1. Checking the conditions here, which among Glu169, Glu218 is touching a residue at least 40 places away in the same chain (Cβ under 8 Å), charged (D, E, K, R) and either more than 16 Å from the ligand (Cβ to nearest atom) or part of a helix (DSSP H, G or I) (or both)?
2. With the checklist (1) over 24 Å from Lys190 (Cα atoms); (2) surrounded by fewer than 19 Cβ atoms within 10 Å (Cβ to Cβ) in hand, flag the one item Leu331 doesn't pass.
3. Can you pull out the residues in region 199-215 that are of a type outside the set (A, V, I, L, M) and within 13 Å of the ligand (Cβ to nearest atom)?
4. Go through (1) within 16 Å of the ligand (Cβ to nearest atom); (2) more than 20 Å from Gly248 (Cα to Cα) and name the single condition Gly186 misses.
5. Name the residues in region 202-222 that are closer than 12 Å to Asp128 by Cβ and hydrophobic (A, V, I, L, M, F, W, C), would you?
6. Report, ordered by the first and then the second residue, all pairs with beta carbons closer than 8 Å, sequence separation of six or more or different chains, a first member in region 278-300 that is surrounded by 15 or more Cβ atoms within 10 Å (Cβ to Cβ), and a second member that is in a loop (DSSP other than H, G, I, E, B).
7. Return the residues of region 46-57 that are assigned to a strand (DSSP E or B) and in contact with a Phe, Trp or Tyr (Cβ under 8 Å, 6 or more places away or on another chain); say none if nothing qualifies.
8. Return the residues of region 283-336 that are part of a loop (DSSP other than H, G, I, E, B) and more than 25 Å from the chain's Cα centre (by Cα); say none if nothing qualifies.
Amino acid sequence: MEIAVQTANPYTVYVERGAAKRLDELCLGYHKVCLVVDQNVYDLYSEELPSLTSETYTFVLPSGESNKNLTQYARLLSYLAANRFDRKDALVALGGGVTGDLTGFAAATYMRGIDWIGVPTTLLSMVDSSVGGKTAVDLAEGKNLVGAFWQPKAVLIDPDYLVSLPEAERKNGMGEVIKYACLMGGDAGKAILAGELPTDRLIAACVQYKADVVKQDELDKGVRATLNLGHTLGHAIEQLSAYSVPHGTAVAMGLGIVARSAYDKGRLNKRDFEAIEIALEELCVPQVPYTIPQLCRQALHDKKVEGSTLHLIDIFGLGDCRIVDIPADRLEDYLC
Ligand code: GLY
């Protein structure tokens, strides 16, 4: 499946078995290519790393969100400079969201911008972070605080990488998948929630939905914010847990709270609420370890708070998620 992402610099997302084989052709025009590979992926696939006709370098990035930082970013930039990479060269990110975000940000900034290609290997990065050009690293003060919009030249999604993905990581990705199912609604959204779509079609449906949103709002000034369904409370859960609750799981928890509130307050009908509940139960999302007041207090620090207004993405039905502006100190009243 080929999905066009119509940004200022358009590109294609390929969802197919063996997608990484396309790298050779895509890299033909570059002198040098640096494969930036997540350590876990390297350990599993070092024998099978794509061999390219371009001069190929391999940079192994330690795994985990704690490494999406300025130190690893600087290490990668120095590696590129030491090996005399220039604007005719390119980076390839082979790994999950951490690898994609950091590689994309290095590509955005090295010599004021060089090309990069994404090869996501986790479900979460396949359905969300690899598409749309948000690149970043974290600071001690918060996630994704330093970044840039920098679209890749192509994204190659090979569902076969998921075979080696730990179950906890699959469930983490499913948090974002359920979010997309709620956003898209319709037959596809319902089929995803009911667990009826095969993995490649599920990934393609999420990517197509995201591509349609990014086409309308590449720089995240309007409708793209709806992709943050579940994120306001999800981020609060991540922060309160010192990031021990992973992102997708926190989003699933946040989505569950918003859906429950929408149902209890009559904004969401029973049939749609139950479809979401069943999908979340299927994931065995753990009990949220914080109270609503704790989460609301933490949410005041969210990037989505502008002055005294918080932009919550609420769910009024499958396929009907809207940005609701709430006075930041009234979030608890709105939810309870
Ligand atoms: N992950 C949400 C976005 O790319 O806007």
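The values are calculated or read from the model by the stated rules, or taken from the named source; none is laboratory data. Every value quoted in this text rests on a predicted model; they were computed, and no experiment measured them. Reconstructed Cβ throughout: ideal geometry from the backbone, glycine too, with neighbour counts over all protein chains shown.
1. Just one listed residue meets the conditions, Glu169.
2. Leu331 satisfies every listed condition except (2).
3. Our first condition is that a residue be of a type outside the set (A, V, I, L, M); within region 199-215, this holds for 199-201, 206, 208-210, 212, 215.
Of everything in region 199-215, those that are of a type outside the set (A, V, I, L, M) and within 13 Å of the ligand (Cβ to nearest atom) turn out to be Cys206, Tyr209, Lys210, Asp212, Lys215.
4. Unmet for Gly186, out of (1) within 16 Å of the ligand (Cβ to nearest atom); (2) more than 20 Å from Gly248 (Cα to Cα): (1).
5. Residues of region 202-222 closer than 12 Å to Asp128 by Cβ: 203, 206-207, 209-211, 213-214.
Result: Ile203, Cys206, Val207, Ala211, Val213, Val214.
6. Listed pairs, sorted by first residue: Ala279/Ala194; Ala279/Gly195; Ile292/Cys336; Leu295/Val288; Gln298/Tyr290.
7. Within region 46-57, the subset assigned to a strand (DSSP E or B) is 55-57.
Scanning region 46-57 gives a single hit, Tyr57.
8. Keep residues of region 283-336 that are part of a loop (DSSP other than H, G, I, E, B), which gives 283-291, 300-304, 307-308, 318-319, 336.
Passing the criteria: Thr291, Gly307, Ser308, Cys336.
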